[in-house]
Every structure is written in C-alpha cells, then in structure tokens.
1. Whole-Å semi-axes of the stretch 160-209's equivalent ellipsoid, largest first, each the root of 5 times a Cα gyration tensor eigenvalue?
2. Under 5 Å between amide H atoms, partner at least 5 residues away or on a different chain: which partners does LYS147 have, H built in plane at 1.01 Å?
3. For the stretch 90-230, just list the percent of Cα-Cα distances falling in each 5 Å bin from zero outward, please.
4. Take each of the peptides 171-180, 16-25, 124-133, average the number of other beta-carbon atoms within 10 Å over its residues, and list them starting from the highest.
5. Per 0.36 nm of contour for each residue apart, how much would the distance between LYS13 and THR59 grow if the chain were fully extended, relative to their Cα-Cα spacing?
6. Could you check the spin-label model distance between LYS219 and VAL30? Points 7 Å from the Cα along Cα→Cβ, value in nm.
Amino acid sequence: MNNFNRGKLFFIKFLQVLLSILFFLALVFVIKWRIDSLYLNSISNRKVQLSIVDEFTKTANEILVATGLKDEKSVKPIVALDEGKEENEETDNTKAKITIPEGTNVDGLGEILMSKGLIKDLNAYKALVDDMQIGNKIVPGTYDLNKGLKVREILAKISNTNLKTYNININEGATPADVAKTLMDNGVIVSQQAFVDSCNNLGVTAFAPGTHEILMPSKVANIIKSLAKN
C-alpha cells in the first residue's frame, strides 16, 4: 500500500512538472509568434497575418536546422513581398518632418526615423535597406513624411527610388532557367545567368507554380526564396 501511495505521489509530481514545462514552452512560443508578427508587419506594406500553423512550421524548421536534421537551404522563409494595403485598413495621416544631413549613413538615418516614430525596429529597417540595396543612395534634405507610409515607401522617397510591382506566373515544373527567362522578359532582373547562379548557391531547384507578386527593388536571393517551392 505504501509503495502504491509513493508511486501515486511520484506520478502526480511528474505530471505537475510536465505541465509546468509545457506551459513555459507554450508561453515562449506565443511570445516568439508575436515578435515574428511584429517584424513581418514592420517590413511589409500590408497587414500580414501570421497564423499559429505558420509560426509552428517556421519554429519547427528552425529547430531542425539548428540541430542539423534539416538543411537551411531547403527551408523557405516567410517573406512579405506584397506591399499593398488592406482596403479597410485605417491610415495615419499625421505628418513628420525630418532633416537628413549631408553624409548621413544607414545607421544615422535609422536613428532619425526612429526618433520621429517612422520605424519601430532598427534591425527590420536595416534588413529592408539591404533588401532594397539603397544604403549608398540616401538623398540629404528635408522631408514631410506621412506616418501612415510603410517603411519601404519612406525609404523609396528618401533614396529617390521607384517602387514597382510585377505579377509573375510560374508554370508547374519550371526550372531556374525557365524562371530566370520569365523574370528577364518582364524586366524584373537584368541577368538570367546571375539568377541561375544564385539559385544554385541557395540550393533552389523547384518553384511554387502560380502567380506571384514581386515588389521591386529587392535582392535576387530574396526573390528566389519567395518563389521557391517548399
């Protein structure tokens, strides 16, 4: 009888510890989900809905890559390329006036934008600057910027860059060379061979069929990752 009681107490304590661990992991997962959602929305020009399933898949892939059970090249990241606004989304029309001195670099511009409430995350801002490849295109001067603008739109104004959206159709079974030709024909890229070489470097050989919307400018590597098939 004593052995039974000891076993029962051990089982109860084991369940308590297990439930505590599960609760802690669930809490960490929810926090990570929130951070990832905030990051995607900070670099996207429309409201991005990151579902629990998407976050679970993303987290599982990160764990598999970290443990060496999965090749990082085979993991397709979540990339927000569509910068369109939701039809019913409210826009902040408040103006912010900024002055960019001559010789301002990427870090300096980030501090200016952050101080005026035009960006929320410096790391996300730097990632977008890198994707748009405008680090050396900052135009000094005074700007009156609408706080309802997305970060990509703000950077386009400050760097005198034109944003352009392309709708690209990819056929089932398309090879890197096929996709490169389609992108070249539509004016998205300037070199088919460079695109194919980048695909080879990233280990991408298959693409998701269907129509894809691509906002330029964007780095070729990020375009490839957004088009790649899981």
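Nothing in this text is a laboratory measurement; each read-out follows from the coordinates by a stated rule. Small disclaimer: the values here were computed from a predicted structure and weren't measured. Quick reminder, even Gly has a Cβ in these numbers, built from the backbone with ideal geometry, and neighbours come from all protein chains shown.
1. On the way: eigenvalues 77, 38, 18 Å².
In descending order, the three semi-axes are 20, 14, 10 Å.
2. Long-range HN contacts for LYS147: THR94, LYS95, ALA96.
3. Reading the bins upward from 0: 2, 9, 18, 18, 14, 12, 11, 9, 6, 1, 0.
4. Answer by packing, highest mean first, reads 124-133, 171-180, 16-25.
5. 13.6 nm
6. That separation, rounded to one decimal, is 3.5 nm.
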